[in-house]
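Below is one structure; the comments refer to it alone.
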Amino acid sequence: MHQSTKILSLTLLSCMVMACSNPVKEQRGAGAEVMMPAPLVLPTRMADNARKAIAPAAYIAVMPTLERPRLEQNTEKYQSNEVNPVFRVSDQAISTFSIDVDTGSYTNTRRFLNDGRLPPADAVRIEEMINYFDYQYPQPVGVHPFSVTTETVDSPWKDHAKLIKIGIQAKDLTVKQLPPANLVFLVDVSGSMSAPDKLPLVKQTLRLLTEQLRPQDKVTIITYASGEKLVLEPTSGDQKDKILAVVNALKAGGATAGEQAVQLAYKQAEKAFVKNGINRILLATDGDFNVGITDFSTLKGIVAEKRKSGISLTTLGFGTGNYNEQLMEQLADAGDGNYSYIDNKNEAKKVVQRQLSSTLATVAQDVKIQVEFNPATVKEYRLVGYENRMLKQEDFNNDKVDAGDIGAGHRVTALYEIIPAGKQGWLNDSRYQATTKLDASRASEYAFVNLRYKLPNQATSILLNQAVKTGSKTLAQANSDTRFAIAVASYAQQLKGGQYNGAVGWDQIIQLAQQSAQPDPYLMREEFVELAKIAKSLSAKKD
């Protein structure tokens with residue numbers, strides 16, 4: 001062997017030893033850090049010479065290091081929320097929270113499971129899991145834009161406990177009934193959007209939406225990467241070929257400067273504002289803003305201020321690896337819109353075809369729920385989910401406090417788990433707290449549900465309320481929607497660690513879902529059963 005070749009070989013081997021002895025952190029799955037050897041990168045010619053020079057056995061030993069691709073770091077971001085605590089009714093009888101119609105947590109979690117990984121616990125928001133599905137609540141009648149129904153069943157999670165389900169159904173509107181729409185598509189075309197599950201899927205989603213536009217609708221398209229660009233002036237919905245030509249020409253490249261693009265989107269939406277119409281920005285991105293104002297609070301503050309103009313913001317999340325879910329969910333919240341995560345074309349159809357009215361048209365704003373529990377019949381309670389939607393008691397009557405909006409046809413479900421008076425619950429009995437004597441006049445109620453909402457573009461709220469009567473059905477007697485919602489809540493709680501699931505495990509969750517899988521016109525419940533089976537398998541491997 002030539003002397004210079006020997007030196008090259010020894011140098012290469014030395015580098016490999018150093019690389020293996022200086023590990024770097026790799027992010028996997030739920031943000032767990034795994035120590036991996038630093039990848040060795042050599043100029044192509046040098047690497048080729050080294051392959052020829054090293055003895056076959058040595059070459060085989062180092063091949064995996066030479067050929068292994070550089071692994072992309074997982075920088076996904078999720079908001080951390082503590083699970084709602086248990087309250088003693090005698091200490092705190094009133095629970096207040098904002099409505100939530102987001103569904104992104106369900107589809108984002110589905111993406112993790114389909115990739116063979118359990119999701120991070122912070123990616124699981126129980127209410128978004130439950131609200132992903134359709135339930136057969138009655139359409140509203142009378143003056144209110146939504147109906148409210150309740151059902152109480154025996155809880156499968158804890159002995160003696162009951163589950164109170166509160167269901168809200170907003171009045172539905174067909175696409176033909178929607179008022180004229182002024183839509184601004186704000187599309188991230190930065191380099192990070194080049195993956196197949198990002199910009200290509202964004203384009204599919206926008207094509208589906210464009211096909212449903214009417215002549216009275218207008219679309220503006222703004223792109224942003226290293227800079228923002230107005231690529232389509234407000235264009236009538238009957239000029240579909242012109243709109244689709246712009247959508248089809250979108251290409252990814254550059255850094256992500258999102259803040260100026262958001263400002264431009266609101267400016268263009270204000271120019272084309274439709275009085276008494278739908279004025280909405282649809283932000284399609286992976287949320288990876290890395291140039292300009294990238295501070296989370298600043299971006300959220302800009303959107304919260306702009307919503308006062310009557311323009312709402314909906315976020316459509318795409319992609320993996322660098323996905324900023326916290327930003328997407330919170331921007332939609334601040335912008336009086338809704339957040340969806342789109343992981344495949346079928347989900348795009350669900351959001352912008354089947355649920356277009358819900359996605360675009362608002363029938364009630366600042367919807368707040370306040371439940372007062374009766375200390376004569378209820379000892380303890382906990383709200384299942386809605387951790388980042390909690391409000392102060394005094395916020396309920398304050399019309400200046402923002403809350404969630406309900407779109408046309410939206411369904412919202414909330415679950416409370418309660419311990420009836422006189423039964424053993426999660427908390428020890430107080431030594432000094434006087435027990436509440438049963439008042440016959442209140443003995444027939446578990447709770448009183450109050451709802452406040454505003455009609456679109458109104459400043460004063462309207463109050464709606466009704467009582468939750470005592471008594472409950474067995475789980476087997478409950479309607480299939482209630483049983484399925486409880487199965488989904490159990491699934492979500494299990495993914496978060498199962499703190500309140502009691503003896504209910506994956507087998508019971510799967511069985512309950514299978515028993516309540518109908519009606520299922522779009523096979524959504526069938527898919528859920530399969531996801532629960534995947535989660536069971538992955539959980540077994542983890543254990």
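The values are calculated or read from the model by the stated rules, or taken from the named source; none is laboratory data. Since the model is a prediction, treat every value here as computed from it, not as a measurement. Quick reminder, even Gly has a Cβ in these numbers, built from the backbone with ideal geometry, and neighbours come from all protein chains shown. The accessibility values were calculated without ligands, DNA or RNA, using every heavy atom of the protein model including side chains. Shrake-Rupley method; radii C 1.70, N 1.55, O 1.52, S 1.80 Å.
Structure data summary
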{"item": "In Hz, Karplus ³J(HN,Hα) per residue of the stretch 497-505 (6.51, -1.76, 1.60; θ = phi - 60°; x = Gly, Pro)", "result": "x, x, 4, 10, 7, x, 8, 6, x"}
{"item": "Sites Gln518 and Lys251 - FRET efficiency at Förster radius 41 Å, r taken between beta-carbons, to 0.05", "result": "0.40"}
{"item": "Whichever aspartates and glutamates have a C-alpha closer than 19 Å to that of Lys218, once near sequence neighbours (fewer than 8 apart) are set aside", "result": "Glu233, Asp238, Asp241, Glu270"}
{"item": "Proximal lysines relative to Lys158, as straight alpha-carbon distance under 19 Å, when same-chain residues fewer than 8 apart are discounted", "result": "Lys379, Lys423, Lys473, Lys496"}
{"item": "Summed side-chain charge close to Lys473 - residues other than Lys473 whose Cβ falls under 9 Å, Lys, Arg +1, Asp, Glu -1", "result": "-2"}
{"item": "Backbone HN-Hα couplings from phi across the stretch 140-155 [Karplus 6.51/-1.76/1.60, Hz, Gly and Pro as x]", "result": "x, 10, x, 7, 7, x, 8, 9, 10, 10, 9, 8, 10, 9, 5, 6"}
{"item": "Rounded accessible area of Trp426 (nearest 10 Å², 1.4 Å probe)", "result": "70 Å²"}
{"item": "Set Lys176/Lys400; Lys229/Lys368; Lys165/Lys541; Lys162/Lys368; Lys171/Lys267 screened for pairs whose C-alpha atoms are more than 28 Å apart", "result": "Lys176/Lys400; Lys229/Lys368; Lys165/Lys541; Lys171/Lys267"}
{"item": "Computed P(r) (all Cα pairs; the stretch 111-240; 10 Å bins; percent)", "result": "9, 22, 26, 26, 13, 4, 0"}
